[in-house]
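The values are calculated or read from the model by the stated rules, or taken from the named source; none is laboratory data. Not measured: the values here are computed from a predicted model. Positions of Cβ are backbone-derived with ideal geometry, glycine not excepted, and every protein chain shown enters the neighbour counts. What goes into the accessible areas is simple: the full protein's heavy atoms, side chains included, and nothing from ligands, DNA or RNA. Shrake-Rupley method; radii C 1.70, N 1.55, O 1.52, S 1.80 Å.
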Amino acid sequence: MTVTTVVFDADETLVDLSTAVHGALCAVLEEMRRLTPAAAALAVTDLAADWTPVFAAMRAEPVTDIRRAALARSLARVGLEAELDRVAEIFFAARFALSRPFADALPALAELRRRAYVLGFATNGNSRADRCGLTGEFAFEVYAHEAGLPKKPAPEFFAAVVAAAGCAPSAVAHVGDSWDHDVVGAQSAGLRTVWLNRAGVPRPPGPGPDAEVRSLADVPDAVEGIMAASPARGALYGRL
Ligand SMILES: [Mg+2]
């Protein structure tokens, strides 16, 4: 089966989310310090740390709700619980203003289009393409929680991706940074997979992706390798 469609995860694949979140938490902390001297004792790492236990408890819920709960935890550290709505507004305004594609994203998308692939965008988060510098890049976009769609790695999520692509699952290559969501989840649903491993961490055990890349610049060749139908499974593309 020839790959005709390449679908991308958003956060930490196309979109540099961690930089945006760091900047947004800095804006939140600045506001907290304006509101109370007690916040002088807090660091942005304290605010960032509040995400972890909240995310663990709310994993399947919408990202906006998880973020609000994490911010509520941070505000409660210094008695600012009543400021949640306003502080959440500050967070999300900064988070979207600072959300940008990685430097290798737009050139890779352009090259894939030049090679006549249909491009899609599929995210668990709230990184809408048009709010993250990716307006008009995709033939279709799939967002968890729209029309009750469960998050990756749910099979229903990938079924929605395949339905949007309008082709067989094995004609879709899914590209993403999360081993559990973007490799295991997509593979279980019958899609082909390209694992973006920017940091070069060791590959977890179990069936691997169809290809692994260190940079989005290597995705076009990796997808063509899948089309050739006989690459070593999990072939690594690009410089090590
Ligand atoms: Mg991701």
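Take the chain with all the other protein chains still there, run a 1.4 Å probe, and you get 45 Å² of accessible area per residue. In this structure the amide hydrogen of Val7, modeled in the peptide plane, comes within under 5 Å of the amide hydrogens of Gly120, Ala173, His174, Val175, none closer than 5 places in sequence on its chain.
Under 5 Å between amide hydrogens, built in the peptide plane, is the criterion, and for Val142 it picks out Phe121, Ala122, Thr123 among residues at least 5 positions away or on other chains. Cα extents for the stretch 121-220 along the principal axes, largest to smallest and rounded to whole angstrom: 36, 28, 22. Here's how it looks for Leu236: its modeled amide H is under 5 Å from those of Glu212, which are all 5 or more places away or on a different chain.
A simple rule links phi to the HN-Hα coupling: the Karplus curve 6.51 cos²θ - 1.76 cosθ + 1.60 with θ = phi - 60°, which for the stretch 20-32 gives 5, 5, 4, x, 5, 5, 4, 5, 5, 5, 4, 5, 4 Hz, with x for Gly and Pro. Taking the inverse of the mean reciprocal distance over all distinct Cα pairs, the Kirkwood hydrodynamic radius of the chain comes to 18.8 Å. Neighbours of Thr4 by Cβ distance under 13 Å: Lys/Arg scored +1, Asp/Glu scored -1, total +2.
Computed from backbone phi with θ = phi - 60° and the Karplus coefficients 6.51, -1.76 and 1.60, the 3J(HN,Hα) list for the stretch 36-41 is 8, x, 4, 6, 4, 7 Hz; x is used for glycine and proline.
Taking 19 Å as the cut-off, the amide N atoms of the stretch 79-95 that come nearer than this to a point 7 Å along the Cα-to-beta-carbon line of Ala41 belong to 79-82.
Computed 3J(HN,Hα) for the stretch 63-77, one whole-Hz value per residue from the Karplus formula 6.51 cos²θ - 1.76 cosθ + 1.60 where θ = phi - 60°, is 4, 4, 5, 5, 5, 4, 5, 5, 5, 4, 5, 5, 5, 5, 4, glycine and proline marked x.
Normalised by the number of residues in the stretch 134-180, the average gap of Cα pairs under 8 Å and 6 or more apart makes the relative contact order 24 percent.
The distance between label points at Ala163 and Asp180 comes to 2.6 nm (points 7 Å beyond Cα on the Cα→Cβ vector).
As a fraction of the 1.4 Å probe accessible area of the chain, surface on carbon and sulfur atoms comes out at 57 percent.
Shape annotation for the stretch 17-97: C-alpha extents along the principal axes are 35, 26, 21 Å, from largest to smallest.
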